[in-house]
Structure formats: structure tokens, C-alpha cells
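The values are calculated or read from the model by the stated rules, or taken from the named source; none is laboratory data. What you see is a predicted model; the values in this text were computed from it and never measured. Counting neighbours? That spans all protein chains shown, and the Cβs are built from the backbone with ideal geometry, glycine included. Ligands, DNA and RNA are excluded from the accessible area calculation, which covers all protein heavy atoms including side chains. Shrake-Rupley method; radii C 1.70, N 1.55, O 1.52, S 1.80 Å.
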Amino acid sequence: QVQVVESGGGLVQPGGSLRLSCTASGSIGNSGAMGWYRQAPGKQRELVAGLTRGDSTTYADSVKGRFTISRDNAKNTVYLQMNSLKPEDTAVYYCYADSTFIRYWGQGTQVTVSS
């Protein structure tokens with residue numbers, strides 16, 4: 001069984017920065033892709049950034065140039081550095097970790113960008 005735990009959310013002013021962390025405990029095998037989705041009130045969940053075990057990255061257009069995803073494979077941990085935050089980045093951020101057949105999800109962490 002894999003558990004996915006996020007941390008690092010909070011309240012930040014526009015233009016500020018936050019770093020989210022996510023650790024998958026247990027073996028996620030050779031697939032090992034990890035990443036982040038977010039869901040704002042009244043909106044669908046959307047992919048923010050994804051990272052394969054081979055370090056291939058994917059970003060939503062809305063966050064390119066502002067967010068950076070990285071990982072520590074030895075720790076099964078993925079990070080999301082979020083800079084130049086905007087009010088429209090406000091959402092619950094969910095981490096995922098892929099095993100060969102299953103996508104595991106974290107419980108979500110709230111990010112609020114407001115003055």
C-alpha cells in the first residue's frame with residue numbers, strides 16, 4: 001500500500017512564493033511518475049505539473065515560467081516550487097504518485113493567494 005502525503009500549503013500574498021512537498025511511502029515501482037493537480041472552487045481538477053522518473057516534465061500553460069517541479073527519487077519525494085503567485089493560483093493542490101497500475105493521491109493541501 002502506498003501513502004501520499006503533501007505539505008507546504010498556506011496563505012501567501014500575490015507575487016510571493018511557496019514550496020509544496022509530497023512524499024510517497026511504500027514502493028511505487030518502476031513507473032514512478034509523480035506530480036501535482038489542483039482544484040479551485042467550482043472548477044475541474046487540472047494538471048499543474050508532472051514529472052516522470054526519467055525527469056521528463058509537463059506543465060500547465062498557466063504556470064510555465066513560474067512553477068518548477070523537481071524530485072528526489074531516493075526519497076520518493078516531489079517538490080513544487082511556486083513563484084510569482086497569483087490569486088488565480090488559489091486552489092487545493094493534490095499530489096499523485098503512479099505505480100505500475102494504480103495512481104495514488106494525497107489528501108490535498110490548500111494554497112491561498114490573497115492580499
Test GLY65 against the stated conditions and say whether it is within 20 Å of SER115 (Cβ to Cβ), open to solvent by 20 Å² or more (accessible area, probe 1.4 Å) and either charged (D, E, K, R) or not in a strand (DSSP E or B) (or both). no
How many residues are in contact (Cβ under 8 Å) with a residue 60 or more places away in the chain, within 25 Å of GLY42 (Cα to Cα) and open to solvent by 20 Å² or more (accessible area, probe 1.4 Å) if we restrict to region 93-108? 4
Among the candidates SER84, SER115, which residue alone is outside any strand (DSSP E or B) and either surrounded by fewer than 13 Cβ atoms within 10 Å (Cβ to Cβ) or in contact with a His (Cβ under 6 Å, 6 or more places away or on another chain) (or both)? SER115
If you check every pair at least six apart or on different chains, which have Cβ atoms under 8 Å apart with a residue in region 2-18 that is among the polar types (S, T, N, Q) first and a residue that is loosely packed, with under 12 Cβ neighbours inside 10 Å second? GLN13/SER114; GLN13/SER115
Residues within region 72-81 that are open to solvent by 60 Å² or more (accessible area, probe 1.4 Å) and either part of a loop (DSSP other than H, G, I, E, B) or of a type in the set (Lys, Arg) (or both), tallied: 1
Is there a residue being surrounded by 13 or more Cβ atoms within 10 Å (Cβ to Cβ), touching a helix residue (DSSP H, G or I) at 6+ places or on another chain (Cβ under 9 Å), of a type outside the set (Asp, Glu) and part of a loop (DSSP other than H, G, I, E, B) anywhere in region 8-18? yes
